[in-house]
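Asker: Before anything else, here's the structure in question.
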Amino acid sequence: MGEWGTSMRFLVTGGAGFLGAALANRLVAEGHAVRVLDDLSSGDRSRLDQRVAFTAGDIRDVPKLWSLLHGVDFVYHLAARVSVPESVLYPVEYNAINVGGTVSLLTAMRDAQIKRLVFASSGAVYGEQPSQPLTEELMPHPATPYAVSKRASELYVQAIGQLWGIETVILRIFNAYGPGQPLPPSHPPVVPHYLRQALTGASVVIHGDGRQTRDFVFISDVADALVAAAQAVGVDREILNIGSGVETSVGGLADTIAKVLGKELHRLGNGDAAAGVSRMVADVGRAHELLGYKPRVSLPEGLREILNSDARFARR
Ligand code: NAD
């Protein structure tokens, strides 16, 4: 168990989600056997390839995890509540699911003697930092319950992994975007939200002064990194940034959308002082060195891909 082969067996928690489904579908397409555990709180089963074995359930259900882990070689842990603003409203729930779920999974992995885990953490753990790009050695300053839940989970993954001999790779994923990204009515992610506003002719609402920066990374680049992280036997107890390595202001995102759509956008500032951290861009050098990770899709290319393949953004 633990060596990479042509047909491996995976469990992907949160595998009906935006990133999890892309990963699960990629793995089955490569000939691997994939099980998914997801409670469908934000996931959508119809995203999954028919060949993926789906089980509905909660990440904290240890007996269910035991049965799903039977015969599995590698585990990807993506199940989580993922909204930063929602986490501010419901910190107890975010802690219970994100942190409690991670500890439950680690316990079940110990019992089932699974050797390797890839955990989807977040660039949000860095919080406000004095310098950019962000490197993995920086002391994290998580500033929201979501970010704290991801940092606490990282610490559990590292500590329990070491205690019980589980190999671990933690990926700090930055702002992922791509076709199929959920667009919930409250607090939608910025890329599909701006695209929808731009396409419907509504004003694009810029939080804060629009100069705050983010690192937008296309879903296929994240999926490449996730696959490489399980495959990279010998890479153990590592934390690696997964971003595009390009710093884009939120106002700059609106400019790029305008360019890709070939139309002027009407902008509205909402004067939101709580627009999040001021700057975020990943240094992806370590992921490149250890995983061969190389982000391939630029922001304009990624936006065009969404417009071409996501029916919600079909241009009339
Ligand atoms: P998502 O909401 O689409 O996926 C999360 C999945 O977990 C959903 O399918 C949801 O139904 C499932 N889930 C939630 N609570 C569960 C529970 N109690 N038991 C079982 N399943 C549960 O979000 P995503 O963007 O695909 O994120 C996947 C992972 O990657 C998350 O852990 C997230 O924190 C992390 N991440 C995402 C991004 C990003 O930009 N999308 C950035 C950094 C980290």
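The values are calculated or read from the model by the stated rules, or taken from the named source; none is laboratory data. These numbers come from a predicted model, not from an experiment. Counting neighbours? That spans all protein chains shown, and the Cβs are built from the backbone with ideal geometry, glycine included. Each accessible area value is taken on the protein alone, full model and side chains, heavy atoms only, with ligands, DNA and RNA left out. Shrake-Rupley method; radii C 1.70, N 1.55, O 1.52, S 1.80 Å.
Asker: Does the stretch 28-36 include one or more residues that are within 13 Å of the ligand (Cβ to nearest atom) and under 23 Å from Pro184 (Cβ atoms)?
Answerer: yes
Asker: Just to be sure, is Gly210 within 22 Å of Leu261 (Cβ to Cβ), open to solvent by less than 20 Å² (accessible area, probe 1.4 Å) and in a loop (DSSP other than H, G, I, E, B)?
Answerer: Yes.
Asker: Filter the stretch 54-88 down to the residues that are away from the ligand (no atom under 14 Å from the Cβ) and in contact with a Pro (Cβ under 9 Å, 6 or more places away or on another chain) and list them by number.
Answerer: Val88
Asker: Also, quick follow-up: Please tell me if Asn241 is of a type in the set (S, T, N, Q), open to solvent by 80 Å² or more (accessible area, probe 1.4 Å) and either in contact with a helix residue (DSSP H, G or I) (Cβ under 7 Å, 6 or more places away or on another chain) or part of a helix (DSSP H, G or I) (or both).
Answerer: Taking the combined requirement at face value, the residue does not satisfy it.
Asker: Let me ask another. Run Gly201 past the list (1) assigned to a loop (DSSP other than H, G, I, E, B); (2) under 25 Å from Tyr126 (Cα atoms) and report the number of the one that doesn't hold.
Answerer: With respect to (1) assigned to a loop (DSSP other than H, G, I, E, B); (2) under 25 Å from Tyr126 (Cα atoms), Gly201 is out only on (2).
Asker: Still on this structure: Taking the criterion of being of a type in the set (Ser, Thr, Tyr), surrounded by 17 or more Cβ atoms within 10 Å (Cβ to Cβ) and modelled with pLDDT of 95 or more, would at least one residue in the stretch 128-135 satisfy it?
Answerer: Looking for residues that are of a type in the set (Ser, Thr, Tyr), surrounded by 17 or more Cβ atoms within 10 Å (Cβ to Cβ) and modelled with pLDDT of 95 or more, one finds none in the stretch 128-135, hence no.
Asker: Here is a follow-up. Just the residues that are open to solvent by 30 Å² or more (accessible area, probe 1.4 Å) and either assigned to a loop (DSSP other than H, G, I, E, B) or within 12 Å of the ligand (Cβ to nearest atom) (or both), please, taken from the stretch 189-198.
Answerer: Pro189, Val190
Asker: Restricting attention to the stretch 172-187, and to residues there that are small (Gly, Ala, Ser) and open to solvent by 10 Å² or more (accessible area, probe 1.4 Å), which single residue is nearest to the ligand (Cβ to nearest atom)?
Answerer: My answer is Ala176.
Asker: Out of all the residues in the stretch 94-119, which are small (Gly, Ala, Ser) and more than 14 Å from the ligand (Cβ to nearest atom)?
Answerer: Hit for the stretch 94-119 is Ala112, nothing else.
Asker: Regarding the stretch 156-164, can at least one residue be identified that is crowded, with 20+ Cβ neighbours inside 10 Å, part of a strand (DSSP E or B) and at pLDDT 95 or above?
Answerer: The answer is no, given that none of the residues of the stretch 156-164 is crowded, with 20+ Cβ neighbours inside 10 Å, part of a strand (DSSP E or B) and at pLDDT 95 or above.
Asker: Within the stretch 200-214, can one find any residue that is among the acidic types (Asp, Glu), under 30 Å from Ile114 (Cα atoms), touching a residue at least 60 places away in the same chain (Cβ under 8 Å) and more than 16 Å from the ligand (Cβ to nearest atom)?
Answerer: no
Asker: Here are some residues: Leu40, Leu23. Which one is aliphatic (A, V, I, L, M), within 10 Å of the ligand (Cβ to nearest atom) and more than 21 Å from Arg172 (Cα to Cα)?
Answerer: So the residue among Leu40, Leu23 that is aliphatic (A, V, I, L, M), within 10 Å of the ligand (Cβ to nearest atom) and more than 21 Å from Arg172 (Cα to Cα) is Leu40.
Asker: Can you name the condition, by its number, that Pro142 falls short on among (1) part of a helix (DSSP H, G or I); (2) within 15 Å of the ligand (Cβ to nearest atom); (3) open to solvent by 30 Å² or more (accessible area, probe 1.4 Å)?
Answerer: Failing condition for Pro142: (1).
Asker: Would you mind finding the one in Arg304, Arg279, Arg312 that is among the charged types (D, E, K, R) and within 27 Å of Glu128 (Cβ to Cβ)?
Answerer: Being among the charged types (D, E, K, R) and within 27 Å of Glu128 (Cβ to Cβ) holds for just one of Arg304, Arg279, Arg312, which is Arg279.
Asker: Turning to a different aspect of this structure: Given the residues Arg315, Arg304, Arg296, Arg267, which is the only one that is surrounded by fewer than 15 Cβ atoms within 10 Å (Cβ to Cβ) and at pLDDT below 95?
Answerer: Criteria check complete, one pass: Arg315.
Asker: Only one of (1) within 17 Å of Arg286 (Cβ to Cβ); (2) outside any helix (DSSP H, G or I); (3) open to solvent by 20 Å² or more (accessible area, probe 1.4 Å) is not met by Val217, so which one is it?
Answerer: All conditions pass for Val217, except number (3).
Asker: Taking the stretch 241-252, which residues are touching a strand residue (DSSP E or B) at 6+ places or on another chain (Cβ under 7 Å) and within 13 Å of Val190 (Cβ to Cβ)?
Answerer: Within the stretch 241-252, Thr248, Ser249, Val250, Gly251 meet the criteria.
Asker: Tell me which residues, restricted to the stretch 120-135, are within 9 Å of the ligand (Cβ to nearest atom) and either in a loop (DSSP other than H, G, I, E, B) or among the hydrophobic types (A, V, I, L, M, F, W, C) (or both).
Answerer: Residues satisfying the conditions are Ala120, Ala124.
Asker: Further question: Tell me, which strands (runs of 3 or more DSSP E) lie completely within the stretch 4-79 with 3 or more residues that are open to solvent by less than 40 Å² (accessible area, probe 1.4 Å) and touching a His at 6+ places or on another chain (Cβ under 8 Å)?
Answerer: Where strands (runs of 3 or more DSSP E) fall fully within the stretch 4-79, none carries at least 3 residues being open to solvent by less than 40 Å² (accessible area, probe 1.4 Å) and touching a His at 6+ places or on another chain (Cβ under 8 Å).
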